[in-house]
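I have placed the structure first, in the form of structure tokens, so that the comments after it can refer back to it.
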Amino acid sequence: MGTIAKWFAARARLGAQQRTILGLGSFLLPLLVWCMVSYVPFVWHPKVVVESPGGVDYFQVGMLVDKAVFKDEVANMRAANLLLPQGKPANPIYLPAPHEVARAFYTAFTAKPEQKDLPWLHQSLWHSIQVIFWGFVISSVFGVPLGILSGTYAALGRLNEPFVEFFRYLPAPAFGALAVAILGIYDGPKIAIIVIGTFFQQVLIIANTTRKLDATILEAAMTLGTRGLKLLTRVVVPAILPDLYRDQRILLGWAWTYLIVAELIGTSTGITWFITQQARYQHFDNVYAAIMIIGIIGFGSDLLLGRLGRRLFPWDRSQDHG
Amino acid sequence: MSMNPDRLAPSYLEQSEAVRARFERIRQREVILEVRNLGKRFSSAQGEVEALRDISFQIRRREFVCVIGPSGCGKSTLIRTLAGLESHSSGEVLLDNRPVDGPGSDRGMVFQGYSLFPWLTVKKNVMFGPEMNGRGGDEAEQDALTWLDLVGLSKFANAYPHQLSGGMRQRVAIARALVNQPRILLMDEPFGALDAQTRSKMQSHLLDIWKNIDITVLFITHDLDEAIFLADRILVLKAHPGEVQELIEVPVPRPRSPGQFSSAEFLATKARLEELIHPPMPTESEEDQVVKPRMIRFTDVDDNVE
Ligand SMILES: Nc1ncnc2c1ncn2[C@@H]1O[C@H](COP(=O)(O)OP(=O)(O)OP(=O)(O)O)[C@@H](O)[C@H]1O
Ligand SMILES: [Mg+2]
């Protein structure tokens, strides 16, 4: 079997080296596309950046104009026998090249923000992380126990799940105005939106995870003399812990997706405030850097939690190659 | 009980002097488990299923009883009812003359599937029962180590279940059930998922354990050889509904060894079991009719394998 054929064998296990190569590839491929679009002049580049205005009175050096407009003006100048404008293909302002974003990444942490009212990137980030953290913790304090109880005791599950199921279809941002009215304009309503967005999914997902616990495990415990609350604390909880941990990782990822909406509520803060301000001043390189750093923090923390999970639950086989 | 007319004095009923004396001794012992007119109905979406009907038998102290019967005859339902994991619809289950109510540590159970707690080490698995029954840490640990030694797994005390082979896991499950010192050990096809070689080792091992401790065993299997090799008596069930067909006293003398598989008593007993479970005049069961395959020829007419 050729190498390629081997890689495409259905459900075949990948070696460690293959996994690393392919994993890096998954990041390099989009980067490559971005580089192509940015650095190869004949790929896309719908604009022209003016290098010398020639005879065109409204052209200025560094101005971005549509390719068609530029062409027209060149034709006009030629017909009028005036100096031709000079320019080279460029991308729109909202698509900075990789090196510009990389530079923005660096300066965002090293150089003071140009505008006086703007926070540093790391200040914005820290604020966002705190909002996420409290939203997720508050949701989990109630959602995890309720989910486990609902999955263990059918009656309890039935008593809340239909309502929870209904409530989870109500989009969390719709509660924005209400949250502001109740909790003020600072972090309260933002945390509330994240709680609303997370909690209802959390109850259902964790109840489901609990229900999937193999009945034989419970029955074995009962024949060994386990009863009552001990069945819950000594059997159900430890048995589902690895899956619960995995659910929490996924839910944390969802909480991040609610962050941007949450931060727009009341007074805009955190990374969202940073992004909207930078976009207003057309610093799109900073915008990209900020968006990416959200991704890096989210993805990075999930990787770390995954590692930690394998440490915490050495008996859990489904985390092999996880 | 109907007997085959053209086989006079079926030899599975003949017992040597020693075997007869042994059964006589067993009958002197006290009754551990008594089942009286036990019935069990399931009501499911498809309607009522009568899984067990009018089951009665007694098991005496340190007896080894096997239950066999065709698939779906209610073997698991029976043992689960005895364990208290399933409620019964009629009749009585008495353990030491007291009615059984729900699961309890006086009846140990070993399941077919691996029921070890995956988050606990082997030692902690065995300690689980004592801890649940209010025994302190040190005492529980000592007990656990003793029982692990008995099943030959001391070396694996700190391993997790997923690191063990199937046979080793079932040995841990046996130790975990026995450490509670139950009155009876209930086993539902415990070796069903093991390969033939491991299974035969486990059978001998189980007999060794049984000989050395005060334990009564009720063991479910669908393997006739296994049943004869292990049991003092074999309870044969028939299906739809599950009813007692015969309670056979196994005439194979003890101590048992794999060499006895070809002895006359063994073969006679096996012939009888075959007769009961796969009747000689095959009356087609419902299941057979449903799953009967229709053969279509996919190969060339000349391309024969026989
Ligand atoms: N929870 C249940 N609800 C409805 N019917 C059930 C239930 N459990 C078992 N039954 C039915 O009871 C009958 C006996 O099932 P049981 O599992 O006890 O058989 P078994 O002898 O253990 O079979 P096997 O040899 O396959 O293990 C079957 O017809 C089965 O469909
Ligand atoms: Mg069964």
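What residues qualify as long-range amide H neighbours of B:GLY69, i.e. H under 5 Å apart, gap of 5 or more or another chain, H built at 1.01 Å from N?
Placed amide hydrogens put B:LEU237 under 5 Å from B:GLY69.
Near A:LYS190, which aspartates and glutamates are there with a Cα under 16 Å away, not counting those fewer than 8 places off in the same chain?
Candidates past the 8-residue exclusion: A:GLU263.
Any chance you could give the angle, 0 to 90 degrees and rounded to 10, that helix A:16-39 forms with the longest Cα principal axis of chain A?
It works out to around 30 degrees.
What percentages, rounded to whole numbers, describe P(r) for segment A:51-171 computed over all alpha carbon pairs with 10 Å bin width beginning at zero?
Result, from short to long distances: 10, 19, 15, 15, 15, 12, 8, 5, 1 percent.
Find the all-direction average of the projected area of the Cα convex hull for segment A:47-90, expressing the result in square nanometres with one decimal place.
2.4 nm²
Quick one: if the Förster radius is 56 Å, what FRET efficiency do B:GLU274 and A:MET292 give, using the C-beta to C-beta distance and rounding to 0.05?
0.15
May I ask you to work out the translational diffusion coefficient for segment B:31-100 at 25 °C, viscosity 0.890 mPa s, via Stokes-Einstein with Rh from the Kirkwood sum over Cα pairs, reported in whole µm²/s?
194 µm²/s
Please report the orientation-averaged projected area of the protein assembly as shown, defined via the convex hull of its C-alpha atoms, in nm².
For the Cα atoms of the protein assembly as shown, the hull's average projected area reads 47.0 nm².
Can you list the aspartates and glutamates whose alpha carbon is less than 12 Å from that of A:LYS88, not counting same-chain residues fewer than 8 positions off?
The reachable aspartates and glutamates, counting only those whose Cα sits under 12 Å from A:LYS88, are A:GLU51, A:ASP66.
Looking at this model, which pairs from B:LYS201/B:LYS238; B:LYS201/B:LYS270; A:LYS212/B:LYS238 are more than 26 angstrom apart at the alpha-carbon?
B:LYS201/B:LYS238; A:LYS212/B:LYS238
Sum -39500 (n - 2.57) across every DSSP H segment of at least 4 residues in chain A, then divide by the residue count to get the 222 nm mean residue ellipticity, nearest 500.
Rounded to the nearest 500, the figure is -22000 deg cm²/dmol.
What FRET efficiency would be calculated for the residue pair A:HIS122, B:ARG254, taking the C-beta separation as r and a Förster radius of 51 Å, to the nearest 0.05?
That pair, A:HIS122 with B:ARG254, gives E of 0.05.
For segment A:148-163, just list the computed ³J(HN,Hα) in residue order, Karplus coefficients 6.51, -1.76 and 1.60, θ = phi - 60°, integers in Hz, with x standing in for Gly and Pro.
In residue order, the calculated couplings are 5, 4, 5, x, 8, 10, 4, 5, 4, x, 5, 6, 10, 5, x, 5 Hz.
Taking K and R as +1 and D and E as -1, what net charge do the other residues with C-beta under 14 Å from the C-beta of A:ALA12 add up to?
+4
Considering the dipole of segment A:47-90 built from charges on the beta carbon (Lys and Arg +1, Asp and Glu -1) around the Cα centre, which of A:ASN76, A:GLY55, A:GLY87 is farthest to its positive end?
Working it through, the farthest residue towards the positive pole turns out to be A:GLY87.
Would you mind checking B:LYS124/B:LYS155; A:LYS230/B:LYS123; A:LYS67/A:LYS116; A:LYS47/A:LYS112 for any pair whose Cα atoms are more than 25 angstrom apart?
Long pairs (Cα-Cα over 25 Å): A:LYS67/A:LYS116; A:LYS47/A:LYS112.
Dipole size in debye (nearest 20) for chain A around its Cα centre, Lys and Arg Cβ +1, Asp and Glu Cβ -1?
Roughly 1080 debye for chain A.
So what is log10(I(q)/I(0)) for segment A:110-321 at q = 0.12, 0.15 1/Å, when the Debye sum runs over its Cα atoms only?
-0.73, -1.00
Check B:ARG60: other-chain or 5+ apart residues with amide H under 5 Å from its amide H, H built from backbone geometry?
Counting only residues 5 or more places away or on other chains, the set is B:ILE32.
Along the positive direction of the dipole of chain B (beta-carbon charges: Lys, Arg +1; Asp, Glu -1; about the Cα centre), which of B:HIS240, B:LEU153, B:PHE57 reaches farthest?
B:LEU153
Obtain the radius of gyration and the Kirkwood radius of chain B from its C-alpha atoms and give Rg over Rh.
Using only Cα positions, Rg/Rh for chain B is 1.01.
Based on alpha-carbon centroids, what's the gap between segment B:26-105 and segment B:140-178 in Å, whole number please?
Segment B:26-105 and segment B:140-178 have Cα centres spaced 28 Å from each other.
Can you show me the helix-derived [θ] at 222 nm for chain B, built from DSSP H runs with n ≥ 4 at -39,500 (n - 2.57) apiece and divided by the number of residues, rounded to the nearest 500.
-10500 deg cm²/dmol
Using the Cα centre of the protein assembly as shown as the reference point, and only Cβ charges (+1 on K/R, -1 on D/E), how large is the resulting charge dipole? Debye, rounded to the nearest 20.
For this selection, approximately 1380 debye.
Per-residue HN-Hα couplings for segment A:196-206, Karplus 6.51 cos²θ - 1.76 cosθ + 1.60 at θ = phi - 60°, whole Hz, x for Gly and Pro?
Residue by residue, segment A:196-206 yields 4, x, 9, 3, 5, 4, 4, 4, 5, 5, 6 Hz.
Each reported figure results from applying straightforward, stated rules to the coordinates on display, with no laboratory input. Predicted model only: the values in this text are computed from it and were never measured. Positions of Cβ are generated from backbone atoms using ideal geometry, with glycine treated the same way; all protein chains shown enter the neighbour counts.
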